[in-house]
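These notes concern the structure reproduced below.
A short reminder: the numbers here are calculations on the coordinates, not readings from a lab. Bear in mind the structure is a predicted one, so any value in this text is a computation, not a measurement. Reconstructed Cβ throughout: ideal geometry from the backbone, glycine too, with neighbour counts over all protein chains shown.
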Amino acid sequence: MTAQITALVDPNVSATSRRLAWLAAAPDGHPLGSAYLWIPTAGGVADLEIHVHPAERRAGIGTQLLHAAIDAAAVAEPALLGILTQPVEEGSPGDHFCAAAGLRRVLRLTYTRLALDSTRLALDSTRSAAGSLGHGAPEAVRAVPGYRLVHWEGRVPDDLAETYVRARRAMDDMPMDDATYIPPVWDVPRLQAVADAVARRNEILLVTAVLTTGDAMTADDAMAADDAMTADGGKAADGGKAADGGKAGGGGEMVAFTELVVRGDGTGDGQHYGTGVLPEHRGHGLARWMKADQIARTRARFPRLAGLLADTADSNTAMRRINESLGYQPTHRSLLYQHDLHPSPDASR
Ligand SMILES: CC(C)(COP(=O)(O)OP(=O)(O)OC[C@H]1O[C@@H](n2cnc3c(N)ncnc32)[C@H](O)[C@@H]1OP(=O)(O)O)[C@@H](O)C(=O)NCCC(=O)NCCS
C-alpha cells in the first residue's frame, strides 16, 4: 500500500532537542502509523520511534515512514551522525523490520525486574548477622566508610546542583558497544529540564546520590548505618539527615548517583534511569549501596509499587552483576539499531 506521509509541525522543542513527526494515512485519510525523530541540539545521533497500527502491518508503511525520517534527518541537521532506533524486543516485528531495512545492530540490552514483594523478604533478612543470604536473595549491603547518601525527588536541591552537574560525567563511559554515543554536556538548567519533563508526565523522579564526607567512617559506624538502612526499609544511612529533601549539610562532593522514575500514583513498575559512579571512586561498593538504599526507601515510600525495571547493556558486566546481586531477574532482551548518516570505514562491523 502506498500511504500518504505528512510531515507534522511538532511544537515539542526543548533546550536540548527538537522533534520531527510524520503521520502515515490511507487515501481516505484514516491514520495508519506515525514516526518521531528527536534531533539533539548538540548534534550526534537522533532517536527514532516508528509505530504502525497492528492491522496495517506488512504493507510497507513502516518502510515509508523510515525513509521519510532518514531523508529529513540529513536536511534538518547536516552534522547529525546517525539515527538510533527505540529498543526493539529480540524476535519482535520491530527487530525483523530493522534488520530487513539494513540498519546496523549496535547494542543489546537485557531488561531485568525486581519484584518488590520478594524484596521485602530479602531486604528484611539482610539484618542477619551472616552478611550473606540464602538462595535467590541479595547479599547484605554495607555502608561505605568515607561517604554518605542523600536523596531527593524532582529537581535537584540548589545546594547539590553544581556537584550533581560535575558527577554526571560518571555516565560518560557507559558501554554503548557499536552505537554512536556523544555524552551530553550537563549544566543545572539541563538537569532541571529532565526533572521537569518527568513531572509533566505525572511521574516522580527519585535520586539517591553518594557524597564524600571527608572523614572516613569507622567500621562500627558503617555497621550501624547499614543496620539503619536495612532494618526500617528506608532510613537514610547518614542517620536521616538526607530525608529532609537532600540538604548537603556539611558539603561533600557528589561521586555517584542513581535515578528512578515512578508513576505519580505510585503503582505499576518503577523504571531505573541512569546509575553512575565516578571512575576514581569505583570498586568500593558505592553503586550497590546506593541502589539497595534506594530500593528500601522506594518500597517504604510507595507501598503499592509492584516492581522495579532496569535495562542494562549486555556488555555492562559491572551493572548487571550489581542488579543480579540485589535480586533483579531477567525478563527479556532488546536490541538497538542504527542508521549511519555519514558511515565511517569501521561502521560496517
Ligand atoms: C516495526 C514496524 C514499524 C514495522 O511496520 P510495517 O509497516 O509492518 O513494516 P513494513 O511493512 O514496511 O515491513 C518491511 C519489512 O520488514 C520485515 N518485517 C516487518 N515486520 C515483520 C515481522 N512481523 N516478521 C518478519 N519480518 C517483518 C519484512 O522483511 C518486511 O518486508 P515484507 O513484508 O516484504 O517481507 C511495526 O511492526 C510496529 O509498529 N512495531 C511496533 C513498534 C516498533 O517496534 N518499531 C520499531 C521501529 S523504530
For this session: Name the residues whose placed amide hydrogens come within less than 5 Å of the amide hydrogen of VAL106, ignoring near sequence neighbours (fewer than 5 apart) on the same chain.
Result: LEU336, TYR337, GLN338
For this session: Work out, step by step, the length gained on full extension between VAL75 and THR212: first 0.36 nm times the residue separation, then minus their alpha carbon distance; give nm to one decimal.
Result: 44.6 nm
Problem set entry | Net lengthening on full extension, THR317/THR2 (0.36 nm per residue, minus Cα-Cα) | 108.9 nm
Exercise. Can you list the HN-Hα couplings for the range 186-198, worked out from phi with the Karplus curve (6.51, -1.76, 1.60; θ = phi - 60°), rounded to whole Hz and with x for Gly and Pro?
Worked result: 9, 8, 4, x, 5, 4, 5, 5, 5, 4, 5, 5, 5
For this session: Report the FRET efficiency, 1/(1 + (r/R0)^6), for VAL188 and GLU89, where r is their Cβ-Cβ distance and R0 is 45 Å, rounded to 0.05.
Result: 0.80
